[in-house]
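Since the structure comes first, as structure tokens, the remarks are kept for the end.
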Amino acid sequence: MVFGMRVAKVLAVGLLLTASAGSAALALDPASDQLTSDQQPTSGQSNSTDSATQPAAAPAAGSQETAPEHQPAADAAKPAPDASTVEQAPAAPATDSAAAPESKPSAEAPSSEAKAPEAPAATDKPTDTAVTAPAAETPAPAADAAAAEQPKIAADDRLLYLPIEDYIRNNAKKALSGTDAEDRDALAKFYHDRMGATLWVDKHGFTPEAKNLISALQGADDWGLRSADFKIPDLKANADGGFNPDDLMAAEARLSLEAMEYARDAHGDRISDPSAQLGTYIDRKPVLLDRKTVIDDLAAAPDKAAYLTSLNPQQEQFRRLREKLLALRASKKAEEALKIPSGPNIKPGQSDPAIAVLRKRLKVTAPPVKADGSPADENYYDNALADAVKAYKEQKGIRPASFWITNVLRNSLNAGNGVTTDRLVANMEEWRWMPADLGNYYVMVNIPEFKFRVVSNGQVIHEERIVSGRPDAQSPIFSETMKTVVIKPRWNVPDSIKIKELLPGLRSGYDSLRRQGLVMEYNGRKVDPRNVDWSRTDIRNFHVYQPPGGGNALGVVKFLFPNKHAVYLHDTPSKGLFNEPVRAFSHGCMRVRNPVSLAELILDKDKGWDKEKVDDLVKNGPEENEIALDHPIPVHVTYFTAWVDDNGEVQTFNDIYGHEKRITLALAGKWNQIVKADEKKVSPEDIPNEGWRNDGFASLFGDDDEYDSRGRRKKHNGGLGSFFKQVFGGF
């Protein structure tokens, strides 16, 4: 019985080699644990060509196969015999009806790409070498169908068959510890289906395909990954120039696993769950490719390195960031030469050696003559350079944005425009979490930039400023679909604001709702909050809203893309904050400057409405006018601190929420140093019963308690104070 199972195991290899019509495939001899070529024909075998198209077949049930003797070492390197020279062995009297399962291959001639039959179950210690099967009876359709489903393995004189499936499964906690379990499982099945046929090694060591693959792994740094993460097998020949089968098997398995890891890393799996590992404000997760698809496509790809690198993001912005990464690594010395030395303040019309360096940094060429008509030189501070200096200061938020060249300006420029390899790599990593298809028409909000863009077919057709969430009430990072535009909306107060901002005053007897024009309802009926015992009642059970109107917190329009964070884009009555360089003031929503222009653009695209129709709805239309979009629009709320513009310049923005730092620490493996940014969930129990200060709500609803980015008090007309100035248009 055991002998029959062993014979059946090697029979499959014999069938494949016979059908390969002359290939010199190598296999691991289970008796001697050596790499051998196919057995040479014995003296009793025929050289007749009549049998050239007849593949060997298994004996009928009840017969027993006879195994040829093991070939001498001298014959091991000889090429495999042509299928036409193989004589079928006569059947021996049956001694065990289960010695070999019945096999009924098709009688048709094998093609140049022979289908590999399914391998029988392996035994622990096989001792039999491959045998030639006797003729089979009438072909069975079922067997033909099963064979047709097997993967094709082209005949090749370098083919090598090793028990790689067993090696992978048996070394999960040994040589392959630390590798991904799902990768191992997918590869074990892959090698099982191809009967151990190798991809990366042959009798000469690494194949050209393996060397091509290794070049991609070693060049991972060029794609924002880390080549040190990939363990390249060190495959060495023996003293006689040959290779140990165990070493070949280990190298084959390891190289496949490293390729699978690259595929996952290219899709962002180095940080496998950003929301759990970095903070719930980052609501993104890598979307990995199916592992079977990866290894199948890799095996079929003519250029292994090109296939692997193609798994990195294909978005234009990722490509630009990569180009800047390569350039930055190649030009560190050049950057040092363009540092601007410290010195006195310089105004237009003066000359200084630092001006020539400043020109190169801001890319402003020297004029042919000075303002007075005299010959100019690159050290002269002319008006064109002064305009560039002012524009740079405005962009970077340097106050005052004057024409003077100061040390603050010098320090900003010497910081390399904020561009570092860590910053570029962190932003590239975020692109790995983005949807592969952003959409033909979409809205992209970039929180650190305080700006949104409308993109159509890859071109920006509209952009505008926004106000985003405060660092303690951040705007979350996610992608959803805009489905509704609401004109003249009511503001529904979210639970977080009910609890943190309204409940303390209500508990202290202060009627904060009436002063702010808020309405409270319970089951559709209006409620006077003064008649409720707020020390025992959950305010979350009540609907609190602000009706549409001139002082409404959402202004005249809002844009809904339903999400678990309950945030959206909307108008605001507090227009002054759009002039601040750092605009993180809301409770999480994103307030839009000139929102009616955005509504006109979207409704023209979706419904063909012109500007006049939209403006009429804003002025004369019904309240809470919900306009459902016929074609929902993707909205991507992002956190990119580096962006390459159309001129090839890297624009950098402050890491206001610290997400870039968290990503950089995670990529460096410094997980214990990460302070996660989680959305705060509050309940009425978090609010003390003793009320809110001695003056009820005076600190929240004073007239002048809002500050600009430099800490100066800002006055606003009307009686609304800090709380509603902050939540206007957002929470």
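FYI, it's all coordinate maths here, none of it is from the lab. Computed from a prediction, not measured in an experiment: that's the story for all the values here. Cβ coordinates were reconstructed from backbone atoms using ideal geometry, including for glycine residues, and neighbour counts include every protein chain displayed.
Annotation: amide H-H contacts under 5 Å for L159 (H modelled 1.01 Å from N, sequence separation of 5 or more, or interchain): L26.
More than 24 angstrom separation, counting every C-alpha pair in region 164-312; what % is that?
For region 164-312, the fraction of Cα-Cα distances above 24 Å is 33 percent.
Placing dummy labels 7 Å off each Cα toward the beta-carbon, the span from N541 to V287 is 4.2 nm. Residues whose amide H falls under 5 Å from that of K451, counting only those 5 or more places apart or on a different chain, are N446, I466, with hydrogens built in the peptide plane. Couplings for region 201-209, taken from phi via the Karplus curve 6.51 cos²θ - 1.76 cosθ + 1.60 with θ = phi - 60°, read 10, 9, 5, 9, x, 5, 7, x, 5 Hz in order; Gly and Pro are left as x. Of the peptides 359-368, 193-202, the order by per-residue mean of other Cβ atoms within 10 Å, starting with the highest, comes out as 193-202, 359-368. Going by neighbour counts of Cβ atoms within 10 Å, the residues S177, S215, S586 line up, fewest first, as S177, S215, S586. Across region 224-229, computed HN-Hα scalar couplings (Karplus, 6.51 cos²θ - 1.76 cosθ + 1.60, θ = phi - 60°) run x, 9, 9, 4, 5, 6 Hz from first to last residue, x flagging Gly and Pro. Look at where the Cα atoms of region 593-628 and of region 276-308 average out, and the two centres are 41 Å apart.
Over 25 Å between Cα atoms, which of K236/K292; K564/K605; K396/K605; K451/K611; K285/K498; K285/K483 qualify? Violating the 25 Å limit, Cα to Cα: K236/K292; K564/K605; K396/K605; K285/K498. Using the Karplus relation 6.51 cos²θ - 1.76 cosθ + 1.60 with θ = phi - 60°, the per-residue 3J(HN,Hα) values for region 403-413 come to 8, 5, 8, 10, 5, 4, 5, 4, 5, 5, 5 Hz, with x marking Gly and Pro. By the count of neighbouring beta-carbon atoms within 10 Å, fewest first, Y522, Y380, Y191 end up ordered Y522, Y380, Y191.
Counted by neighbouring Cβ atoms within 10 Å, the residues E521, E464, E449 run from fewest to most as E521, E464, E449. When its C-alpha radius of gyration is set against 2.2 N^0.38 Å (N residues), region 285-368 gives a value of 1.95.
Taking amide hydrogens as placed 1.01 Å from N in the peptide plane, the amide H of F585 sits under 5 Å from those of S468, R470, each at least 5 positions away in sequence or on another chain. Ignoring solvent entirely, what values of log10 I(q)/I(0) come out of the Debye formula for region 433-714 at 0.09, 0.12, 0.13 Å⁻¹ when each Cα is a single scatterer? Computed log10 I(q)/I(0) values: -0.50, -0.88, -1.02.
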